[in-house]
1. Could you give the dipole magnitude of segment 95-175 about its Cα centre, charging the beta-carbon of Lys and Arg +1 and that of Asp and Glu -1, in debye to the nearest 20?
2. State, to one decimal in nm², a quarter of the convex hull surface area for the C-alpha atoms of segment 46-142, i.e. the direction-averaged projected area.
3. Among LEU183, VAL80, ALA121, whose Cα projects farthest towards the positive end of the dipole of segment 43-191, with charges put on the beta-carbon of Lys, Arg (+1) and Asp, Glu (-1)?
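Each reported figure results from applying straightforward, stated rules to the coordinates on display, with no laboratory input. Keep in mind it's a predicted model, so treat the numbers as computed, not measured. Here the Cβ positions follow ideal geometry from the backbone for every residue, glycine too, while neighbour counts run over all protein chains shown.
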Amino acid sequence: MARRPAPPSPSPRAQASPPAAKKGAKPRAQTAQSSSRRASGAPRGAAPRVDVREWASGIRLSAFSVIMLSLVVLGAWVLVPTLGTFIDQRQKIAALEASVKVSEEQIEALVAERERWNDPAYITTQARERLYYVKPGEVVYLIDNDLDPAALPREQDPVSDSLVETPTDWMPQLLRTLVSTGLSDTAAVAP
């Protein structure tokens, strides 16, 4: 873009004091501006204000610049939806590739399981474990885990470093044990 240089702008600092003034003396206008700047809270080295109208009048657009700017805007208008579609399709492709990878892993697992089922030893093991099949002459003992989940032992509490004495009375516990064994329905057979 072709620019014409902007004409110099008069600024409060650029105004020279009259030649008749002394070096130590300040003109009244500058003194009033500096006191108003201090009162408004602006720092001493603040940049002077820029007149936007003056700056904008320095910009000149040629026909070539207008055509190029319109082509850039048209290109952005055409490419932005296309770019969004491209990104959306790339995300779908990545998701489908991940799905294909998971499916291939499942296929490999199923092929390995099919190969295991072709082994007679694996079939025998599965028949024994799942269906409780036995060979002729074998005796199978089934242990039924019929314990109440509340009666199962809990996980061990963490061991502390300090010794703590718990007050327990062993006599009532011994009495409860003797009564519960004497009243039980099953009796132990002596060898």
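1. It works out to roughly 520 debye.
2. 18.7
3. VAL80
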